[in-house]
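Right, one structure below, let's go through it.
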Amino acid sequence: MKSIKLLLFLLLASFGMQAQELVTGKAVLTRVATGIYEIKKEDGTTKKINIRPNEDNHVQGTLAVLFRDCEKLRQSVFDSHLVTEGQLIQVVETYNNCEYTPFEPTEKEIKQAANFQGDEYKFFVSIGGSLNRISFFNFDDYENLTQGQASFGIAATPGFIGSLQGNLYVTLEVNAAFSGDKDFGNSPFETNFRKDSQKANLGLEYHFNKNGSIRPLIGIGIGLSSDHYKGNYNGYKLNERDGSAFAIPKLGVLFSLDEKKSLGVILSYIPEYENDLSFRTEDDIIPLIVDTHYINAGLYLYF
């Protein structure tokens, strides 16, 4: 029985040590545990404050909002670095002795709000065509293969770039292109294939005259391509896929339809890259190298 009473006494003593009022008044500061505090205001608002190292990086912001009706305290708390119990006690005592006013932003806060710009996003879709200039085994003898293509993507202009927002966009675009069968006379052997391509690229675009109705643009991107060739080569069935990295400069012009939508034409160029389509038969490896550079044109809708 004595041991049970002793255990209850220790539990009550431990609770009493943990929950200790440090400041009373319009705001009550209570130590809940080592480094953890509770602030309760007369209006019933209660906030837990954790000043343990590496636990909460938003203490100053929490206190600035909690004590927003004390103008002289609000900004000083936000600019401080609270790390001790003593500093927290001083803040609550200052609040309890404050001349309270309805919340009004300071001149500094008004200036910060006026200069704040959130990120802006636009989606886009396009349809168009791609002219593939194709040669074999690195010879300068080209034939053309045309592909129909469609793409979609997103363009983002971050707020932190300031006055460049609305001019400079980060873009992500995904593209699919398809062709019909074509016979190639520039191959060393009888060759016929169709080509399907999937591409994705990450880039930058600069839009001129951002507030005007006509907005020229230039851009550059880098990406990855996956190309699928299906047909015949030198009497063998061809069904091979290869990929490559590429760079893609672009230029175009957009015409404003309303505040959010724009319609325009964009031209882009992908310098020559190589697809190694060499394949194995039962008896041998058949070499096949296809070199392609691309001229692309698309009708783009930004929205």
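Every read-out reported here was derived from the displayed coordinates using simple, explicitly stated rules and does not represent laboratory data. Keep in mind it's a predicted model, so treat the numbers as computed, not measured. Reconstructed Cβ throughout: ideal geometry from the backbone, glycine too, with neighbour counts over all protein chains shown.
Compared with the alpha-carbon gap, the fully stretched path from Glu21 to Glu272 is longer by 82.9 nm at 0.36 nm per residue. Beyond 19 Å, the tail of the calculated P(r) for segment 117-188 holds 57 percent of the Cα pairs.
Computed over the alpha carbons of segment 206-278, Rg followed by Dmax gives 18.7, 59 Å.
Could you compute the FRET efficiency for Thr46 and Ala156, with r as their C-beta to C-beta distance and R0 at 41 Å, rounded to 0.05? Don't skip to the answer; put the middle values down first.
Details: r = 39 Å, r/R0 = 0.95.
With a Förster radius of 41 Å, E is 0.60.
Think of the chain as having a plus end and a minus end, set by charges on the Cβ of Lys, Arg, Asp and Glu; of Gly129, Leu277, Tyr206, Tyr206 sits farthest toward the positive end of this dipole.
The calculated Kirkwood hydrodynamic radius for segment 120-302 is 17.7 Å, given to one decimal from all distinct C-alpha pairs. Length gained on full extension, Tyr121 to Asn167: 15.3 nm, using 0.36 nm per residue less the C-alpha separation.
What stretch of the chain, leaving out the sites themselves, is the longest with no GluC sites (Glu not before Pro) in a DSSP loop having at most 15 other Cβ atoms within 10 Å? Before the final figure, lay out each step's value.
On the way: sites that count: Glu42, Glu55, Glu99, Glu190, Glu259, Glu282.
Longest site-free region, per DSSP loop and neighbour criteria: 100-189.
With the cut-off at under 18 Å, measuring from each backbone N in segment 78-100 to a point 7 Å along the Cα-to-Cβ line of Val65 picks out 78-80, 82.
May I ask you to derive the FRET efficiency for Asp258 and Asp140 from their Cβ-Cβ distance with R0 = 51 Å, giving the value to the nearest 0.05?
Working: r = 48 Å, r/R0 = 0.94.
Working from the Cβ atoms, E equals 0.60.
Take the Cβ-Cβ distance between Ile214 and Asn234 as r, set R0 to 45 Å, and report the resulting FRET efficiency rounded to the nearest 0.05. About 0.30, to the nearest 0.05. Scalar couplings 3J(HN,Hα) for segment 33-50, obtained by applying the Karplus form with A = 6.51, B = -1.76, C = 1.60 to θ = phi - 60°, are 7, 4, x, 10, 10, 10, 10, 10, 9, 4, 7, x, 5, 10, 9, 8, 10, 10 Hz; x denotes Gly and Pro. Model label sites at Asp181 and Leu224, defined 7 Å from Cα along the beta-carbon direction, differ in position by 3.3 nm. The phi-based Karplus calculation (6.51 cos²θ - 1.76 cosθ + 1.60; θ = phi - 60°) puts the 3J(HN,Hα) values of segment 120-126 at 10, 10, 9, 9, 8, 9, 8 Hz, whole numbers, x for Gly and Pro.
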